[in-house]
Amino acid sequence: MRALVTGGVGFIGSHLVRGLVTAGADVVVADNLSSTHTLELIADVRDRIEFHHVDVRCPEDLGRLPRGHYDRIFHLAASFANELSIEHPVLDARTNADGTANVLAFAAAEGCDLFVYTGSSSSYGNIDVPMAEGDPTKPHTPYARDKMRGEELAITSGLPSTVFRLFNVYGPGDIPGRYRNAIPNMMRALDDPSSRIRILGREASRDFTYVDDVVSYLLDAERARGEIVNIGTGNETKIVDLATTILTLFGLDADRLTFEEPRTWDLVSRRVANIQRLEALYGPVRQTDLTEGLLTTARWLHDTGRIKHAPS
Ligand SMILES: NC(=O)c1ccc[n+]([C@@H]2O[C@H](COP(=O)([O-])OP(=O)(O)OC[C@H]3O[C@@H](n4cnc5c(N)ncnc54)[C@H](O)[C@@H]3O)[C@@H](O)[C@H]2O)c1
């Protein structure tokens with residue numbers, strides 16, 4: 001199989017690239033390194049893939065990619081995520097909407113058996129849970145809106161496509177940072193004995209989905225050809241319970257939690273996937289145990305020097 005992975009140097013993309021290499025695929029990776037700045041996350045397979053420094057906002061960059069037919073184009077490159085898009089809405093629109101249009105144009109020109117798009121559960125907005133694919137969407141940030149635009153562009157492109165809507169992915173490779181996800185940032189916050197894990201809203205919840213489970217579905221995107229499908233666990237975890245589990249992993253007490261009001265733009269309190277369509281297509285949902293997944297994530301952060309404290 002010949003595959004192109006945009007965003008293949010990032011958190012989820014690096015796991016996908018590794019999975020494709022393991023399956024024997026010829027893999028071309030296109031990324032502008034804006035997220036990780038290095039090839040660190042794909043270092044172990046670097047000599048088995050072809051990397052191209054490409055910005056999906058630039059059709060000329062895409063034009064320099066290896067030509068010819070691709071069996072799969074996985075489009076993961078994105079400006080991530082809600083908070084960054086509030087501060088840089090134009091960057092978000094150019095990357096997540098226009099960039100998707102550019103990658104679709106490349107796919108149409110070269111030929112592609114299946115275009116796989118990683119949409120976001122953010123696009124549902126603040127609707128009742130569990131969120132199902134047929135529910136009306138109410139994007140509430142530029143990121144949520146532009147990821148939805150990417151879906152629409154893929155579906156209306158005329159190319160065979162699979163659209164997955166991912167729910168709060170976590171695992172090794174998720175690097176802490178200002179605009180990044182809650183789990184690595186909570187773990188990093190604990191390095192400073194005087195700092196607390198901030199819980200933004202006592203009732204807030206999410207559906208935390210382990211990266212290997214997500215990638216197993218991406219690799220089998222053929223099964224969801226022509227569909228829009230949630231990838232989540234169907235389990236609702238309160239953020240406060242997540243934080244408490246993390247504290248336990250590090251042998252710390254609940255006094256390391258602090259409660260604050262949600263950020264003004266963060267209107268989505270509860271988020272959990274309806275997984276009926278996922279299970280209809282793929283069978284019983286694949287879900288790594290949350291505590292196990294958090295432990296693996298913490299060990300990776302520690303082993304790569306990103307947090308000082310080892311989990312117990
Ligand atoms: N992580 C999650 O919880 C989650 C949830 C829902 C959807 N998604 C989607 O999954 C995909 C991967 O997310 P991730 O968590 O791995 O994020 P990430 O930031 O780690 O990876 C995105 C990659 O895209 C690259 N990129 C950004 N702008 C680019 C551009 N203009 N041109 C080329 N490359 C560019 C970055 O350098 C990075 O390597 C994204 O499309 C994201 O919207 C992620």
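The values are calculated or read from the model by the stated rules, or taken from the named source; none is laboratory data. Note that the coordinates shown come from a computational prediction; the quantities given were computed from them, not determined experimentally. When we count neighbours, we look across all protein chains shown, and the Cβ atoms used for this are built from the backbone with ideal geometry, even at glycine.
Scan the stretch 176-200 residue by residue and report those that are part of a loop (DSSP other than H, G, I, E, B) and surrounded by fewer than 19 Cβ atoms within 10 Å (Cβ to Cβ). Steps first, answer last, please.
Quick first cut of the stretch 176-200, residues part of a loop (DSSP other than H, G, I, E, B) only: 176-181, 190-196.
Selection gives Pro176, Gly177, Arg178, Tyr179, Arg180, Asp191, Asp192, Pro193, Ser194, Ser195, Arg196.
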Scanning the stretch 113-158 for residues that are hydroxyl-bearing (Ser, Thr, Tyr) and more than 21 Å from Gly226 (Cβ to Cβ), the one surrounded by the most Cβ atoms within 10 Å (Cβ to Cβ) turns out to be Tyr143
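Listed here are the residues, each with its yes/no results for (1) under 18 Å from the mean Cα position of the chain (by Cα); (2) not aliphatic (A, V, I, L, M).
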{"residue": "Thr233", "(1), (2)": "yes, yes"}
{"residue": "Phe250", "(1), (2)": "no, yes"}
{"residue": "Ala280", "(1), (2)": "no, no"}
{"residue": "Arg286", "(1), (2)": "yes, yes"}
{"residue": "His302", "(1), (2)": "no, yes"}
{"residue": "Arg306", "(1), (2)": "no, yes"}
The one condition Ala81 fails out of (1) at pLDDT below 95; (2) within 30 Å of Ala23 (Cβ to Cβ); (3) more than 11 Å from the ligand (Cβ to nearest atom); (4) not acidic (Asp, Glu) is (3)
Taking the stretch 16-36 and keeping residues assigned to a helix (DSSP H, G or I) and surrounded by fewer than 24 Cβ atoms within 10 Å (Cβ to Cβ) leaves Arg18, Gly19, Val21, Thr22
Quiz item: What do you reckon, is Val129 among the aliphatic types (A, V, I, L, M), within 11 Å of the ligand (Cβ to nearest atom) and over 15 Å from the mean Cα position of the chain (by Cα)?
Solution: no
Considering the stretch 10-41, residues that are among the β-branched types (Val, Ile, Thr) and out of contact with any His (no Cβ under 9 Å at 6 or more places or on another chain), and then whichever is farthest from the ligand (Cβ to nearest atom), we arrive at Thr22
Note: among Ala109, Ala144, just one is touching a residue at least 24 places away in the same chain (Cβ under 8 Å) and at negative phi, namely Ala144
Note: among Tyr179, Tyr143, just one is within 9 Å of the ligand (Cβ to nearest atom) and out of contact with any strand residue (DSSP E or B) (no Cβ under 9 Å at 6 or more places or on another chain), namely Tyr179
Of the candidates Asp98, Asp44, the one satisfying the condition of being more than 9 Å from the ligand (Cβ to nearest atom), closer than 23 Å to Ile155 by Cβ and assigned to a helix (DSSP H, G or I) is Asp98
Within the stretch 54-78, residues assigned to a loop (DSSP other than H, G, I, E, B) and either more than 9 Å from the ligand (Cβ to nearest atom) or without any contact (Cβ under 8 Å) to a residue 60 or more places away in the chain (or both) come out as Val54, Asp55, Val56, Arg57, Cys58, Arg64, Leu65, Pro66, Arg67, Gly68, His69
Those residues of the stretch 101-117 which are within 14 Å of the ligand (Cβ to nearest atom) and touching a Pro at 6+ places or on another chain (Cβ under 9 Å) amount to Asn102, Phe106, Phe115
